[in-house]
1. Being open to solvent by 10 Å² or more (accessible area, probe 1.4 Å) and either away from ligand 3 (no atom under 16 Å from the Cβ) or touching a residue at least 40 places away in the same chain (Cβ under 8 Å) (or both) is the filter here, so list the residues in the stretch 280-293 that pass it.
2. Any chance the stretch 72-89 includes a residue that's under 18 Å from the mean Cα position of the chain (by Cα) and within 16 Å of ligand 3 (Cβ to nearest atom)?
3. Which of the residues that make up the stretch 38-71 are more than 11 Å from the chain's Cα centre (by Cα), outside any loop (DSSP other than H, G, I, E, B) and among the aliphatic types (A, V, I, L, M)?
4. Mind checking whether some residue in the stretch 205-220 is open to solvent by less than 10 Å² (accessible area, probe 1.4 Å) and over 22 Å from Leu97 (Cβ atoms)?
5. Which residues, taken from the stretch 1-26, are open to solvent by less than 10 Å² (accessible area, probe 1.4 Å) and more than 16 Å from ligand 3 (Cβ to nearest atom)?
6. What's the number of the only condition in (1) in a helix (DSSP H, G or I); (2) open to solvent by less than 10 Å² (accessible area, probe 1.4 Å) that Glu94 fails to meet?
7. Only residues that are within 15 Å of ligand 2 (Cβ to nearest atom) and of a type in the set (Val, Ile, Thr): list them for the stretch 25-50, please.
8. If a residue has to be in a helix (DSSP H, G or I) and surrounded by 15 or more Cβ atoms within 10 Å (Cβ to Cβ) to count, how many in the stretch 367-384 make the cut?
Amino acid sequence: MDIVLGLQWGDEGKGKFIDLISQNYDIVARFNGGANAGHSIERNEKRITLKSLPSGIFMEGVENIIGAGMVLDPVNFKQEVLKLQSFDATIQVEKYLAISKKTHLVLPTHSLLDVFMEENPSYHTIGTTKNGIGQAYANKVLRQNVRVGDIMKPDFKEMINHILERDYKQLIEYGQKLPPLKNLKNDFFDAVEFLKRFRMIEAEVFLNNSIKDGKNILAEGAQATLLDIDHGTYPYVTSSTTIASGACSGLGISPKKVGEIYGVTKAYCTRVGNGVFPTELFDELGDEIRTKGNEFGSNTGRPRRVGWLDLPALKYAVMINGVTQLVLTKADVLNGFESIAVCTHYQMENHPSKVISGLAGNEGEIPVLQWIKGWNTDFTKCKDASSLPTELTQFLEFLEKELEIPVSYLSTGPGREEIIRMN
Ligand code: GDP
Ligand code: IMO
Ligand code: MG
């Protein structure tokens with residue numbers, strides 16, 4: 001099993017890369033998160049954003065799995081499948097998608113509770129996607145939630161009614177404005193009927209048998225390392241394990257079976273939502289990168305915060321995941337800049353000799369920037385590593401030396417063909 005995951009705060013271009021390399025795999029399996037993800041894929045100059053569906057769904061013959069480590073919102077899932085089918089009627093979602101019976105469900109009140117917590121001043125405002133992700137994972141850990149496999153049980157409706165009525169009552173007590181409970185229930189049960197069209201399987205058994213049969217599996221990460229519940233910039237993180245080990249726990253596959261670990265990073269940083277971002281740009285340069293890079297949330301449409309590449313953070317992400325190959329995206333967005341900056345290390349304001357790690361977000365930590373000469377080329381003419389401008393080649397060599405891993409792919413645009421295999 002190979003793994004693809006994000007090394008920053010999400011939206012590195014995982015979807016585009018997975019769509020491309022899924023042709024080398026028999027199975028693409030999502031292992032974490034849910035509809036908080038937004039993985040954009042371009043087809044015939046049209047763009048679609050996948051939320052809960054794995055990014056191998058466009059590749060004829062590739063099996064796609066929603067793994068046990070994910071949380072699935074049936075209402076959102078139904079909308080996503082219908083949207084995908086209107087985007088491209090030839091995609092056979094029912095044929096090529098299977099869902100783990102152990103995947104936890106996101107219930108309608110989870111999203112409402114997410115909104116309540118985000119808007120109530122007595123809680124941290126995380127800047128969540130308001131998809132109820134944290135609430136679903138919290139209830140899973142509390143052992144109070146329901147899973148995909150439960151939808152076939154005779155008392156499923158009763159279980160759901162009980163939870164929805166309990167949560168709804170609580171939300172009313174909190175003074176929340178709510179849609180009628182009847183509507184929430186109807187939409188949810190409709191969507192559950194829709195969900196029943198799909199195969200519900202013991203995904204861990206299927207995946208392990210597939211490995212035995214010599215099949216290649218690609219594990220698709222959502223969110224990214226710095227949003228990981230344990231190793232990210234807590235509390236401004238998501239609620240799942242986004243790192244390489246999450247692929248093993250989320251899919252039920254031994255770490256012994258892991259092969260390549262592809263880490264995807266942009267040539268700069270972005271972040272949506274709150275939390276530490278030491279290299280963030282607040283000036284016109286930041287606005288320019290945001291506009292050129294179309295840095296607006298694929299999922300929520302929120303403007304993404306933009307900043308320079310943070311090398312200490314990237315080294316940390318490579319270490320935590322054991323990344324074996326780097327995928328660098330958005331080199332085209334920095335095209336034409338006279339010079340670009342990279343944060344090489346951090347210093348304490350009053351102790352310049354004391355080098356610290358950054359990310360803790362402590363007062364007085366200063367990112368130290370190194371300016372390098374930018375590149376300027378027509379990327380449509382760059383088809384291989386030898387046709388890249390010298391400045392970009394030097395930048396890639398600099399990253400390889402610092403991170404001690406090869407840059408295997410360089411993405412130069414959102415399109416499927418806009419990528420260069422480097423080795
Ligand atoms: P993901 O969540 O990691 O899959 O990334 P998103 O899809 O949320 O965000 C990445 C955005 O950048 C999408 O709109 C992609 O189409 C686009 N994209 C991916 N790679 C590149 C690239 O190399 N250059 C440019 N300009 N856009 C890219
Ligand atoms: P992909 O897979 C970028 C961020 C939210 C918020 C925090 C918690 O497209 O890279 P949540 O809704 O998960 O409880 O929100 O995590 N976040 C993402 N940011 N890309 C994502 O996914 C994200 N998924 C969650 O903005 O700061
Ligand atoms: Mg995204």
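The values are calculated or read from the model by the stated rules, or taken from the named source; none is laboratory data. Model, not experiment: these values are computed from the prediction. Note that we place each Cβ from the backbone using ideal geometry, even for glycine, and neighbour counts take in every protein chain shown. Accessible surface is based on the protein model in full, side chains and every heavy atom, while ligands, DNA and RNA are left aside. Shrake-Rupley method; radii C 1.70, N 1.55, O 1.52, S 1.80 Å.
1. Glu280, Leu281, Phe282, Asp283, Glu284, Leu285, Asp287, Glu288, Thr291, Lys292
2. Checked against the condition, which is being under 18 Å from the mean Cα position of the chain (by Cα) and within 16 Å of ligand 3 (Cβ to nearest atom), the stretch 72-89 yields at least one hit.
3. Ile41, Ile48, Ile65, Ile66, Met70, Val71
4. Checked the stretch 205-220: no residue is open to solvent by less than 10 Å² (accessible area, probe 1.4 Å) and over 22 Å from Leu97 (Cβ atoms).
5. Ile3, Ile21, Ser22
6. The failed condition is (2).
7. Val28, Ile41, Ile48, Thr49
8. Of the residues in the stretch 367-384, 1 are in a helix (DSSP H, G or I) and surrounded by 15 or more Cβ atoms within 10 Å (Cβ to Cβ).
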